[in-house]
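Working notes, structure below.
The values are calculated or read from the model by the stated rules, or taken from the named source; none is laboratory data. No experiment lies behind these values; they were computed from the predicted model shown. Heads up, the Cβs are rebuilt from the backbone with ideal geometry, glycines too, and the neighbour counts pull from every protein chain shown. Note: areas computed on protein heavy atoms with side chains; ligands, DNA, RNA excluded. Shrake-Rupley method; radii C 1.70, N 1.55, O 1.52, S 1.80 Å.
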Amino acid sequence: MKHGIPVAWQRLNRMVTGGLLALIVIFSAPALNADQPPTLLVMGDSLSAAYGIEQERGWVTLLAERLEGEAQVINASISGETTSGGAQRLANIIGQRQPDIVLLELGGNDGLRGLPPTQMRSNLASMIEQSQQAGADVLLLGIDIPPNYGQAYRDAFTGVFHSLADEYDVSLVPFLLEDVALNEQLMQDDGIHPTAEAQPIILDNVWPALEPLLDSVFQASAK
């Protein structure tokens, strides 16, 4: 994967990620018929929790609006979440919500803390396995880290998403912030989080990989 990282991202390693506030927002739309609509579960961090902007302008809310009347979108994203925290929470959420598709957008905070990529990989693998065992399709939403972490660490970090996608045969968005991270006009002043104006672009990055999974779920439910 080849793409640049804006200079502002070099401040990422100074981000304070403590004081997490659990946020589970459920977006639901009425079904077109009496059958239960498919359920999508988003497990992410601040990039999916609409950090610093109005909740209704986040890309997950925009996804729910796009799928209105066709699917239910559950956003279980927490600002500052790591893959370890996500792995600990996932089983309970899957048991309660029984999603058809799980979107995993975690790993960025592992990278910011310099945690071993092998640890991140183990946690994400556990989440993929839990999802698949529950009968859900998985979409991995990859992220990158700034170059000041060193090229070797960066390569190992981004390589986790690709290797997991290959091993578990799951769909992958290599870089969630493609066409966003390099544009300072689309990043908040902290250089970390996208602006409200960037959210439709993020959704457009996700949609090509998500749409085939949705089509498969819709076809299965129609049988």
Problem - Long-range neighbours under 8 Å by Cβ, at least six apart or interchain, first residue polar (S, T, N, Q) within the stretch 210-223, second modelled with pLDDT of 95 or more - result: Ser216/Asp137; Ser221/Pro38
Exercise for the section: Check whether at least one residue in the stretch 169-180 is at pLDDT below 95 and among the β-branched types (Val, Ile, Thr), and report yes or no. Expected result: no
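Condition first: outside any helix (DSSP H, G or I) and polar (S, T, N, Q). Now tell me which residues in the stretch 79-92 satisfy that.
Ser79, Thr82
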Exercise for the section: For the stretch 93-100, indicate whether the set of residues that are part of a loop (DSSP other than H, G, I, E, B), charged (D, E, K, R) and over 18 Å from Ile143 (Cα atoms) is non-empty. Expected result: yes
Problem - Every pair of residues 6+ apart whose Cβ atoms lie under 6 Å, when the first sits in the stretch 57-76 and is among the β-branched types (Val, Ile, Thr) while the second is open to solvent by 10 Å² or more (accessible area, probe 1.4 Å) - result: Val73/Phe27; Val73/Ala64; Ile74/Ile26; Ile74/Arg97
Practice task
Taking Leu104 as the residue in question, decide whether it is in contact (Cβ under 8 Å) with a residue 12 or more places away in the chain and within 15 Å of the chain's Cα centre (by Cα).
Solution key: yes
Handout entry: Segments classed as helices (runs of 4 or more DSSP H), wholly inside the stretch 114-223, with at least 1 members that are surrounded by 14 or more Cβ atoms within 10 Å (Cβ to Cβ) and of a type in the set (Phe, Trp, Tyr)
Key = 151-168, 199-222
Fill in the blank from the handout: Here the residues within the stretch 62-78 that are open to solvent by 10 Å² or more (accessible area, probe 1.4 Å) and assigned to a helix (DSSP H, G or I) are Leu62, Ala64, Glu65, Arg66
Completion exercise
Quick count over the stretch 88-111, residues being under 28 Å from Ile192 (Cβ atoms) and open to solvent by 20 Å² or more (accessible area, probe 1.4 Å), is 2
